[in-house]
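What follows is calculated from the coordinates using simple rules that are stated; it is not laboratory data. It should be emphasised that the depicted structure is a prediction, and the values quoted were computed from it without experimental measurement. Backbone-built Cβ (ideal geometry, glycine too); neighbour counts: all protein chains shown.
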Amino acid sequence: PMHGRMHGAAHDHAGRVPAVRSGPAVTPFSVRMPVPATRIPSVQTADTDIYRMSVQPATAQILPGLSTPVLTYGGAFCGPTIRARRNRRTLITFDNKLGHETNVHLHGGRVAAVHDGYPTEVIAPGSGRAYLYPNAQPGATLWYHDHAHHLEAENVYRGLHGFYLIDDEDERRLGLPSGGYDVPIMLRDALFDDAGNLVFDPADPYNRPTLLANGKPQPYFEVAARKYRLRLLNGSTHRVFELTLDGARMTQIATDAGLLPAPVPVDRLVLSSGERADIVVDFGQAPLGGHVTLNDVAGPVLRFDVVRRAADRSRVPAQLRPMSPMPTAVQDRKLVLSLDPVNIRALINDRVFDPARVDMQVRRGTTEIWEVTNSDTNVGGSGFGVPHNFHTHLSHFLLLSRDGKPPLPGEGGWKDTVLIQPGETVRLQVDIGSHLGRYVYHCHMLEHSALGMMGQMEIVN
Ligand code: C2O
Ligand code: CU
């Protein structure tokens with residue numbers, strides 16, 4: 001597999017070799033990881049939680065002793081967490097105070113097209129827009145982020161990302177770790193200059209050496225010697241995390257769109273941009289005063305310090321969620337993802353995104369088989385392959401195979417984003433969903449979607 005520095009496209013996009021910059025050095029585990037604050041609704045009606053949030057520039061304390069200008073939801077770098085309840089609606093008005101366009105997409109949400117944050121339906125500076133989310137879907141770790149076409153990579157990179165969690169009665173009954181023992185953790189990377197400014201270079205996404213967990217560089221997090229549910233999100237615009245845990249075992253219980261059928265012990269978790277994995281870790285496996293470290297291939301990401309005892313009545317049942325059988329697929333499609341470094345474009349089936357063109361018509365409530373290929377084994381003759389991934393709006397899918405081989409057990413649940421290595425083909429059974437209208441699908445390496453690696457489907461009756 002290709003990852004890390006094995007990259008040709010960056011150089012090809014810009015036609016130059018990037019300078020090596022690393023930014024200020026940070027001592028690992030010297031700052032505490034915060035948990036993003038949960039936003040309280042400003043109004044609650046019988047069936048709807050109502051929020052108002054500004055999208056605004058702010059200054060964040062990310063690196064010790066330095067201030068970083070960022071873009072935020074509500075002033076917080078990482079954004080407040082929205083906690084929704086299944087089948088209870090959320091209405092959020094976002095006020096754009098950025099001075100440039102933005103919009104908001106609920107990643108993994110099954111929402112009406114007009115509320116989906118279509119790439120060209122933007123919020124003009126100085127105005128606001130209300131998004132209605134029905135939450136008519138099983139409990140899941142979702143997130144919200146900017147999706148304004150061509151700006152999405154930079155807007156998200158500079159901080160327009162936050163968690164959106166759907167709670168679900170069926171899930172609550174399982175007795176999984178909850179409350180303060182249910183912790184969302186957004187992992188991402190960044191490049192800083194010596195003054196602490198974020199440096200965004202879309203042509204060199206591989207030079208982002210600082211790893212952040214909930215907006216802090218390689219932090220520590222104090223935990224009790226008991227089970228926790230950790231909701232891991234890769235909020236990077238490009239990096240693929242390859243995670244291992246040192247000092248305790250990981251049990252994966254959920255993927256992008258919610259619980260797996262059954263818990264899966266995992267040694268290694270690969271998360272591409274936008275993917276989520278919920279894991280349960282029993283910190284009681286470590287001695288009091290001991291450490292458990294979450295590592296990426298590039299270095300440590302986060303250290304858990306086991307500092308106290310606590311009662312634990314949570315459990316991880318052997319069955320989590322029955323997988324209902326899917327209706328037979330009505331259509332087969334092939335999608336090919338490729339970069340066009342000469343013209344600095346990124347393509348699906350040889351075309352860049354065009355909001356005026358419908359790439360496929362699909363029928364509401366059906367399922368389809370999509371074979372998605374990453375053809376970038378040798379970008380621009382560089383000899384290097386480039387990974388892509390694939391994300392569908394509205395529709396969720398099951399990963400049937402990778403290059404004909406069965407997926408990993410942790411990939412066995414409902415997903416909305418999947419990594420595709422250079423030369424690889426994934427076969428997906430896509431549950432289109434029950435809304436009508438136009439929705440996009442794209443590579444979630446947002447530097448690529450910004451260059452056009454995106455298409456749209458029109459859902460018809
Ligand atoms: Cu997370 Cu279309 O995006
Ligand atoms: Cu891509």
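List of remarks:
- Loop GluC sites (Glu not before Pro), region 122-188, which have at most 11 other Cβ atoms in a 10 Å radius of their Cβ (DSSP): none
- Taking a ≥ b ≥ c as the square roots of the eigenvalues of the alpha-carbon gyration tensor, region 9-170 is classed prolate because a/c is 1.5 or more and a/b outweighs b/c.
- The Thr120 and Arg249 beta-carbon pair, evaluated with R₀ = 51 Å, returns a calculated FRET efficiency of approximately 0.65.
- Between Ala318 and Ala136, the distance separating the two model label sites (each 7 Å from Cα on the Cα→Cβ line) works out to 3.6 nm.
- When the Cα gyration tensor is reduced to axis lengths a ≥ b ≥ c, the ratio a/c stays below 1.5 for the chain, which is therefore classed as rounded.
- Arg351-Thr27 FRET efficiency (beta carbon distance; Förster radius 45 Å; 0.05 resolution): 0.40
- Here region 332-460 is assigned +1 on the Cβ of each Lys and Arg and -1 on the Cβ of each Asp and Glu. Its dipole about the Cα centre then comes out at about 220 debye.
- Taking a Cβ cut-off of under 9 Å around Phe163, the surrounding Lys, Arg, Asp and Glu residues balance to a net charge of +2, with basic ones at +1 and acidic ones at -1.
- FRET efficiency for the pair Glu169 and Asn461, taken as 1/(1 + (r/R0)^6) with r the Cβ-Cβ distance and R0 = 41 Å, rounds to 0.85.
- Within region 347-392, trypsin sites (Lys or Arg not before Pro) in DSSP loop having at most 13 other beta-carbon neighbours inside 10 Å: Arg357, Arg364
- Shape of region 248-335, Cα gyration tensor, a/c cut at 1.5: oblate
- Overall, the chain carries a charge dipole of about 1180 debye about its Cα centre when +1 sits on the Cβ of Lys and Arg and -1 on the Cβ of Asp and Glu, all other atoms neutral.
- Relative contact order of the chain, defined on C-alpha pairs under 8 angstrom at six or more residues apart (%): 16 percent
- Among beta bridges that DSSP assigns inside the chain, antiparallel share in %, nearest 5: 75 percent
- Computed extension length for Ala298-Gln331: 7.8 nm, one decimal, from 0.36 nm per residue of separation with the Cα-Cα distance subtracted.
- Per-residue ellipticity at 222 nm computed for the chain from its helices equals -1000 deg cm²/dmol, with DSSP H segments shorter than 4 residues left out and the rest contributing -39,500 (n - 2.57).
- Residues Met445, Met360, Met53 arranged by fewest to most Cβ contacts within 10 Å: Met360, Met53, Met445
- For Lys216, a cut-off of 17 angstrom between C-alpha atoms picks up these aspartates and glutamates, skipping any fewer than 8 places away in its own chain: Asp189, Asp193, Asp194, Asp296, Asp305.
- Segment Met360-Thr377, extension gain: residue separation times 0.36 nm, minus the distance between their alpha carbons: 3.5 nm
- Formal net charge of residues neighbouring Ala346 (Cβ-Cβ distance under 10 Å; K, R +1; D, E -1): -2
- One chain, two ends: Lys97 and Val43. Fully extended at 0.36 nm per residue, the span grows by 17.2 nm beyond their Cα-Cα distance.
- Sorting Ser127, Ser273, Ser449, Ser67 by the number of Cβ atoms found within 10 Å of their own Cβ, with the fewest placed first, yields Ser127, Ser67, Ser449, Ser273.
- Altogether, the Stokes-Einstein calculation at 25 °C and 0.890 mPa s, with the Kirkwood radius of region 355-452 over Cα pairs as Rh, returns a diffusion coefficient of 170 µm²/s.
- With Cα atoms defining each centre, region 36-99 and region 113-164 are spaced 12 Å apart in the structure.
- The alpha carbon centroids of region 270-329 and region 191-255 are separated by 14 Å.
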